[in-house]
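K.L.:
Quick one: structure below, then a few questions.
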Amino acid sequence: MSGTDYASDVSDEQWEILRRRLPPGYSRGRPQLDRRWVLNAILYVLWTGCPWRALPRDFPKWRSVYTVFRRWRLDGTWERVHAELRTRARKAVGKKPSPTAVIVDSQTSSTMLSGDQRGYDAGKKRMGRKRHLGVDTLGWVWAVVVHAASVQDQDGAPSVLRK
């Protein structure tokens, strides 16, 4: 692994927690990239908001990093890691693993002309998409659902609660 030293890099302690929760690499095909190196690259993109193609050269090639990110998204790795860390954080402050109450809220954001699930939010007078979130009293996300902005909160909230 190439040594990187960015604010977004996982510490040794964080890596010990995360490494067991990430899927192992494939045994066939090209030699596998170090998973910590790839994770640091993914976190760099999230931290800085830079495009995948703008990853610094001390990370693996952007296509390789994006491929692993996408694979982990499709196989549910990110959701499993988030759920485990959320449970650990709740237990650390003396809460039950699952909340007894969830707060549902929404936010409308403007979008470009292309894409599906786009509509007009008459209350905000904005064209775009609306995301409904379900969070516990600690602020941990339990569910996210993205709709066209035209979906009313009374119609979007049940889909969050079903998740």
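The values are calculated or read from the model by the stated rules, or taken from the named source; none is laboratory data. What you see is a predicted model; the values in this text were computed from it and never measured. Neighbour counts are summed over all protein chains in view; Cβ atoms, including those assigned to glycine, are modelled from backbone coordinates with ideal geometry.
K.L.:
Could you tell me which of the residues A149, A143, A83, A157 is in the same structural domain as R21 (by TED's automatic domain parsing) and among the small types (G, A, S)?
P.N.:
A83
Residue by residue, here is whether (1) at pLDDT below 90; (2) of a type outside the set (S, T, Y) holds:
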{"position": "S8", "(1), (2)": "no, no"}
{"position": "E16", "(1), (2)": "no, yes"}
{"position": "P24", "(1), (2)": "yes, yes"}
{"position": "S27", "(1), (2)": "yes, no"}
{"position": "W37", "(1), (2)": "no, yes"}
{"position": "P56", "(1), (2)": "no, yes"}
{"position": "R63", "(1), (2)": "no, yes"}
{"position": "F69", "(1), (2)": "no, yes"}
{"position": "W72", "(1), (2)": "no, yes"}
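K.L.:
Which residue, of W78, W47, W62, W52, is among the hydrophobic types (A, V, I, L, M, F, W, C), surrounded by 11 or more Cβ atoms within 10 Å (Cβ to Cβ), assigned by TED's automatic domain parsing to the domain that holds E16 and within 30 Å of Q154 (Cα to Cα)?
P.N.:
It is W78.
K.L.:
Still on this structure, I have one more. All but one of (1) surrounded by 11 or more Cβ atoms within 10 Å (Cβ to Cβ); (2) touching a residue at least 12 places away in the same chain (Cβ under 8 Å) hold for A101; state the number of the condition that does not hold.
P.N.:
(1)
K.L.:
Also, I was wondering about something else. What's the number of the only condition in (1) outside any loop (DSSP other than H, G, I, E, B); (2) of a type outside the set (V, I, T); (3) at pLDDT below 75 that G123 fails to meet?
P.N.:
(1)
K.L.:
Another question, then. Go through the range 31-88 and count every residue that is under 14 Å from the mean Cα position of the chain (by Cα) and not in a helix (DSSP H, G or I).
P.N.:
3
K.L.:
Considering (1) more than 30 Å from W15 (Cβ to Cβ); (2) at pLDDT 90 or above; (3) among the β-branched types (V, I, T), say which one T111 fails and leave the rest.
P.N.:
Tallying (1) more than 30 Å from W15 (Cβ to Cβ); (2) at pLDDT 90 or above; (3) among the β-branched types (V, I, T), T111 fails exactly one: (2).
K.L.:
Show the residue pairs that are 6+ apart or on different chains and have beta-carbon atoms under 6 Å apart, the first residue being within the range 1-29 and surrounded by 10 or more Cβ atoms within 10 Å (Cβ to Cβ) and hydrophobic (A, V, I, L, M, F, W, C), the second being outside any loop (DSSP other than H, G, I, E, B) and at pLDDT 90 or above.
P.N.:
Pairs found: M1/W37; W15/R36; L22/R35.
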